[in-house]
Every structure is written in structure tokens, then in C-alpha cells.
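K.L.:
So that we are looking at the same thing, I have put the structure below in C-alpha cells.
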Amino acid sequence: MSQPTTTERPSSPPVTSAESAPNPRRWRILVVLAAVAFMAQLDLFIVNVGIPSIRASFHGTGLSAVSWTLNAYTVVFAALLVPAGRLADHFGRRRFLLVGVLIFTTGSGLCAVSPDLAFLIAGRAIQAIGAALIVPTSLGLLYPSFPRSEHALVVGIWAGVAAVAATAGPPIGGLLIGLSWRWIFVINVPIGIATLTAGSRILPEVRAEKGARLPDLVSAGLVLAAVSLFVVATVQGSVWGWGSAGTISLFALALIATVLTLRRTLRHPNALIEKSLFESRSFRTSSIAMFLVFVSFASWLLITVLFFENQWHYSPMRAGLAIAPGPGVAFLFAINARRFARHLGPTLPATIGTFALGAVGLWWFALAHRTSDYLLILPALLLSGVASGMTQAPLLAAVNTLPPDRATTGSAVLNMSRQIGSAVGVALLVALLATNNPNGLSEFHRGWVLVALSGWGAMVAILVGAASARLKTSRNSARISATQQS
């Protein structure tokens, strides 16, 4: 079946049929895109609960080695998000999304039959390639299908799905691990086949208009190098030693690549990450806050699973079910993001969410070692759902401040911040759990300090960004008033 094609101008808002006549199949399109985004986001966190089982399955492997089942996915996902988003804009978002689903499904099958840890890590990297093609294009395909008046609503729904995927990973993983840890990958195969079939039938094609230039290859290579080197240095620092020659060299190379990336972004007219994206103050703030939020969230999710299984001796299934209250709360808050923004403004919901995230770490720090009563920990699990649901939707909504033809790239940048934050959070937590404690605090306590500080760091970034925006508005108003008086 042939699909309608929408072209977008390379540097100005597109004129699409969605702005004059909404796509009559837009809600079915939303269901398909939400499903594939859920699948890709879920696999970032579903493996957390399976870490102890995977480690037991492959004898002789340590936590640092097994953590690469998380890190391989995150490194590749983060590094490829922006290049995939820009190329999808050029060659077709639908095409890239469907190829991504096919790659992701294939990678899932390979993970399910892994004979050893190295094969599993390779399968996770293949999954991540597919996920990098899926996530930015899924949001980028939503915009042309809906009128502008519904953009905030569909971004809220999409973000709600992402929030639920993040918090639902351990509960779903725990149930599947009751059969075998391999089932956390097997389950993706029928879902992938179903969404591939549905997507090929109903998704429209959206691409840049003919004659649009490809993104600069040099800046694309620099972005890949900067992200990959930084994340690898972070996750290997606890293994090699933070002061080792290998770790310092990787960080130095990452810094050089980052400086060259910024220079290319500022000077090249068709850089991979265009400087126009960061002319939006809201987008800049959201990118920073998203990174810190997921340093906190990823470290919290892993430390919670490890605590339930290693300290309270829960089975993987019981640990997953123990975390389950969070996803439902996350979805309820995320799905109402538009209502919160209307009544509370654009900043307060994310501020509340990040404050709740820091409070989660503080709650665990204060009570976890004083009790084995699940009911005393339950409020922290509910708060994690509030944090996820209240935070992600308003931060992702920063894409709405960009021209519609930059929605895919903007989504990719925000998700890149998300994945880098996740990798850094896991790496820092592994380092904290693997080293001796000179201050008398338990290893788990130091992990919860990390959760609290990074969550509240995101809150500070949001408040500083909002204050800066108000100050600029006040100065502009004063300047206009002075001009009128003169």
C-alpha cells in the first residue's frame, strides 16, 4: 500500500496537511508510534531487574562486566540518536522507523539465544541501533499527523508512555524472569512483528523537501566520538581506575571531540546539531535537566533492584512487583501533563517532579536500613512515579518551542541527554558500590545520596532557567517601556 508523503523545508516550518486538515488516522498512528517507543524505552530499564540472574547464568562474571548489558545499549543508543534523527528527516522518518523496528526485533532475538555474555552484549548493541532509529522518528512522525492545537496533548501522551516504560521495566522484567531472563528479550519479537506490520500500513512518510542538504559528515563523526568516548570513559572508570591512563585519555579525547563539535555547530551552516536548536532557552534548560534527571533515575532504579534482591533477598519476580506501584502513578501524572501545565504553568510541574526525585533518594537513605517493612518504603516508590510522570512530559515539551521541521532532531538531542544521563548514573552507581567507604556510610547509602543530589541538581537547573527567562522578559519590557516614553 502506498503511503502519503509530507515534505518539510530544511530551515523553516513546513506547510503540511496536518495544519489544515488533521490526518483521519492520526489516533491509530499515535497508538503504533507509542507502542514502538514504549518497546525501545522499556529495554533501557527492563534488564536492570535481570542483572543478578544474568550474572548467575554466566559464571565467573562480575558486576562491572554484567553492567555492560545496560551500558552497551545506552552507549550506542545515545551516540546514534542525533545522526539517526537528522538522516531520518532527510531520507524519510517512516522508512527509518520501520528499519529500526526490524533491527531492534532482530537484536532482541539474538539476545534471547545468547550463549555467553559477550554475545548478549553484542545483541544489546544491535537493539540499541534499532532504538536510536525508533525514538526520535516516532515523535517526529506525530507532529505532521496532528494539528498544532493538539501537539501539547500528543507530546504529553508520548512522554507518558516513555515515563511508564522507564518505571515498568523492572515489574515486567520481574514477571518474565520467573520463566527465564531470556524472556525479557523474547517478548519483543512478537511485539516488533506486530508493530512492523501495522506501521507499514498506516504510517505516513515525512521527509525534507528535494534538494535539502545532508547534515555535515564531519560534525556527525565528532558527535559520535564525543558521546561514545565520554560514556565509555565513565562506565570503565570504576574498572580501570579513575586516575588510570586509559580513563584519563578517553576523557581527554571526549573533551577535545566536544570542543570541536561545539565549534563545528557554531560555524558550519549544516552542522549535525544546529545552533538554532539552542537559541530556545527552554530547550537548553530541558537538555541539561534531562541529563541530571536520568543520572538520578537510572541509578535509583538499579540500586533499588539490587537492594531488594541482595539485602531483602527478594526474588527477581518479587523485586519487580515491589517496584510496580511506580508505573501506574507515572502514567496518571504524565497523561495529565497538559492539564498541569495549564493550571501550574510550564515550570512548576517539572520542579515538583525533580524535587520528588531527590526526595526518593532521601527517603531510602533515611529508612531503608532501619526497617524491612515494605509499607514504610512504599511512599518512596509512589514518589518515584510522581517524579517520572511530572518531569518527563514538560521537559520533552521543549520540542514544541522548535520549528516543526526540527522536531525529530530536537527529540533526538533531548533523548541523547536522557541516555547519557542514564549511562553516567549506572556507571557512578557501580563505582560507588564497588569501592570501600571511607566515611562509615554503607555502599547503598552513597548510592541514594547520588540519587538525591542529581535529582535536586535537575531542579536547580530548571529554576535557574526559569529565573533567567523571567529576567530577560523583564529587561525587554523595561527596554520597550523606555523606548515608548522617549
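What follows is calculated from the coordinates using simple rules that are stated; it is not laboratory data. What you are looking at is a predicted structure, and each value in this text was computed from that prediction instead of being measured. With ideal geometry, Cβ positions are generated from the backbone for all residues, glycine too; neighbour counts draw on all protein chains shown.
K.L.:
Angle between the Cα long axis of helix 407-434 and the longest principal axis of the chain, 0 to 90 degrees, nearest 10?
P.N.:
So the inclination is approximately 20 degrees.
K.L.:
At 222 nm, what value in deg cm²/dmol follows for the chain if DSSP H runs of at least 4 each add -39500 (n - 2.57) and the sum is divided by all its residues, to the nearest 500? Write out the running numbers ahead of the final one.
P.N.:
Values: 20 runs with 372 residues, N = 486.
Taken over the chain, the calculation gives -26000 deg cm²/dmol.
K.L.:
Hey, can you grab everything whose amide H is under 5 Å from the amide H of Ser315? Only 5+ residues off in sequence or another chain; H modelled, so Pro and N-termini drop out.
P.N.:
none
K.L.:
Where in the stretch 111-139 does the label zone of His59 land, with the point 7 angstrom along Cα→C-beta and an amide N cut-off under 16 Å?
P.N.:
Counting only backbone N, you get 116-117.
K.L.:
Something else: If you average the alpha carbon positions of the stretch 285-316 and of the stretch 133-168, how far apart do those two centres end up, in angstrom?
P.N.:
Each part's Cα centre sits 24 Å from the other's.
K.L.:
Next question. Calculate one ³J(HN,Hα) per residue across the stretch 446-461 by plugging θ = phi - 60° into the Karplus curve 6.51 cos²θ - 1.76 cosθ + 1.60, and present them in order as whole Hz with x for glycine and proline.
P.N.:
With coefficients 6.51, -1.76 and 1.60, one gets 5, x, 6, 4, 4, 4, 5, 5, 6, x, 6, x, 5, 4, 4, 4 Hz.
K.L.:
By how many degrees, between 0 and 90 and to the nearest 10, does the Cα long axis of helix 348-367 differ from the longest principal axis of the chain?
P.N.:
Roughly 10 degrees between the two axes.
K.L.:
Give the Rg (one decimal place) followed by the Dmax (whole number) of the stretch 102-161, computed from C-alpha coordinates and expressed in Å.
P.N.:
16.0, 51
K.L.:
Shifting gears a bit: Taking the Cα atoms of the chain alone, what are Rg (to one decimal) and Dmax (as a whole number) in Å?
P.N.:
21.9, 80
K.L.:
If each residue's Cβ is checked for other Cβ atoms within 10 Å, how do Thr304, Thr265 rank with the fewest at the top? Can you show the working numbers first?
P.N.:
Details: Thr304 28, Thr265 20.
Sorted ascending by nearby Cβ count, the order is Thr265, Thr304.
K.L.:
Work out, step by step, the length gained on full extension between Arg213 and Val464: first 0.36 nm times the residue separation, then minus their alpha carbon distance; give nm to one decimal.
P.N.:
On the way: separation 251, 0.36 × 251 = 90.36 nm, distance 3.67 nm.
Full-extension gain reported as 86.7 nm.
K.L.:
Using only the alpha-carbon atoms of the stretch 216-271 as identical scatterers, what base-10 log of I(q)/I(0) does the Debye formula give at q = 0.28 Å⁻¹?
P.N.:
Log10 of I(q)/I(0), two decimals: -0.97.
K.L.:
Just to verify a number: FRET efficiency for Val186 and Leu376, C-beta to C-beta distance, R0 = 45 Å, to 0.05? Working shown, then result.
P.N.:
Working: r = 36 Å, r/R0 = 0.80.
Result of the calculation: an efficiency of 0.80.
K.L.:
Based on the alpha carbons, how large is the Rg to Rh ratio for the stretch 153-305 when Rh follows Kirkwood?
P.N.:
Numbers: Rg = 20.2 Å, Rh = 19.6 Å.
Rg/Rh for the stretch 153-305 comes to 1.03.
K.L.:
How large is ³J(HN,Hα), in whole Hz, for each residue of the stretch 76-86 in order, when computed from phi with the Karplus curve 6.51 cos²θ - 1.76 cosθ + 1.60 and θ = phi - 60°, using x for Gly and Pro?
P.N.:
Couplings: 5, 4, 5, 5, 9, 4, 5, x, 5, x, 5 Hz.
K.L.:
In whole Å, what are the extents of the stretch 302-389 along the principal axes defined by its C-alpha atoms, from largest to smallest?
P.N.:
Per principal axis, max minus min of the Cα coordinates gives 44, 25, 20 Å.
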